[in-house]
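What follows is a single structure, written as structure tokens, with notes after it.
The values are calculated or read from the model by the stated rules, or taken from the named source; none is laboratory data. This structure is a prediction, so every number in the text was calculated from the model and none was measured. Here the Cβ positions follow ideal geometry from the backbone for every residue, glycine too, while neighbour counts run over all protein chains shown. We work out accessible area using only protein heavy atoms, side chains counted, and drop any ligands, DNA or RNA first. Shrake-Rupley method; radii C 1.70, N 1.55, O 1.52, S 1.80 Å.
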Amino acid sequence: MPQLPAPDYPADVRARLEADAREVIGRYPDSRSALLPLLHLVQSEEGYVSRTGIRFCAEMLDLTTAEVTAVSTFYTMYRRKPSGEYQVGVCTNTLCAVMGGDAIFDELKQHLGVGNGETTEDGKVTLEHVECNAACDFAPVVMVNWEFFDNQTPESAKQLVDDLRAGREVAPTRGAPLCPYKETARILAGFPDTRPGAVEATGGAGPASLVGLRLAKGEATPGRIVSPRPAPADRAGEPPGPDDEAPPTHPSSHDSPQQTSAADPDHPAGPVSEEGE
């Protein structure tokens, strides 16, 4: 059965959203171009893009609800159902996956008792896998409300979600301080982040991201950007060498190597016999 027309927002909410929407629309020569930020705006109100939010965007931009729905369901950054206060996205694309992203995602599903796109009973955490967090040099990466948590392991990721659920302060590896999802959505709609020091804290790319740029400029680069693996057993007791010292930030996922063909003789990779045999 077709759904009944979506209900409208309460009058006071509608008036407030209309004022914000007009400000956003005024930034574009073609009002239709304001659809993406307006979807973030309605998401900041309800935590997801509801049928009421779709109706609101359509009316403000003189579009059909079908046109708005087509856009809101195309982009994964728009939620389609009520979700948690913190959106925890585990990258499971190629590099993060082989560096441990798949293991992190599996551990978090079991630890939280939820599946992909599901929310914990306390309403705090929505877990999902994402295709790429655009931070391959710090793989495996987890994002919380689009802020970076680099070089994660299953244990550090479980501690992260436990802290979020307990209300403890959590600091991203880099970027602005963490805020609840609705506040994040309003910032993505194009409204300023008014938290003291938040803009200044955003910083820039991490050191691993800048190595290529420094090399291109002929600048000296650190000898090692990521932490080394633990020293092998035959070096136990020897003093650490210059390459054994880890940088003060951005520990590497190499500290927690995954079981691979090179590390697992029972599952070798590649040909196991000479060519022609």
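Remarks
- Rounded to the nearest 20, the Cβ-based charge dipole of the range 79-170 about its Cα centre (Lys and Arg +1, Asp and Glu -1) stands at 300 debye.
- Karplus (6.51, -1.76, 1.60) ³J(HN,Hα), θ = phi - 60°, over the range 140-148, in Hz, Gly and Pro reported as x: x, 10, 10, 10, 10, 6, 6, 9, 7
- Taking the inverse of the mean 1/r over every pair of distinct Cα atoms in the range 1-124 gives a Kirkwood hydrodynamic radius of 16.4 Å.
- Per residue convex hull volume, Cα atoms of the range 58-180, in Å³: 120 Å³
- Distance between modelled label sites at residue 111 and residue 211, nm, 7 Å Cα→Cβ extension: 2.7 nm
- Extension gain, residue 70 back to residue 23 (0.36 nm per residue minus Cα-Cα distance, nm): 14.6 nm
- Rolling a 1.4 Å probe over the protein chains gives residue 132 an accessible area of about 70 Å².
- For the range 9-15, backbone phi angles converted through the Karplus equation (6.51, -1.76, 1.60; θ = phi - 60°) give residue-by-residue couplings of 5, x, 4, 5, 5, 4, 4 Hz, Gly and Pro being listed as x.
- The range 164-203: translational diffusion in µm²/s, Stokes-Einstein, Kirkwood Rh over Cα pairs, 10 °C, 1.306 mPa s: 144 µm²/s
- For the range 1-103, trypsin sites (Lys or Arg not before Pro) meeting the loop criterion (DSSP other than H, G, I, E, B) and having at most 12 other Cβ atoms within 10 Å: 27.
- Direction-averaged projected area, Cα convex hull, the range 75-146: 4.5 nm², rounded to one decimal.
- The string of couplings for the range 20-36 from the Karplus curve (6.51, -1.76, 1.60, θ = phi - 60°) is 5, 5, 5, 5, 5, 4, x, 7, 10, x, 10, 4, 4, 5, 7, 4, 4 Hz, one whole number per residue in order, with x for Gly and Pro.
- Peptides 162-170, 134-142 ordered by average Cβ neighbours within 10 Å, highest first: 134-142, 162-170
- Over the range 1-150, relative contact order from alpha-carbon pairs under 8 Å, at least 6 apart, %: 19 percent
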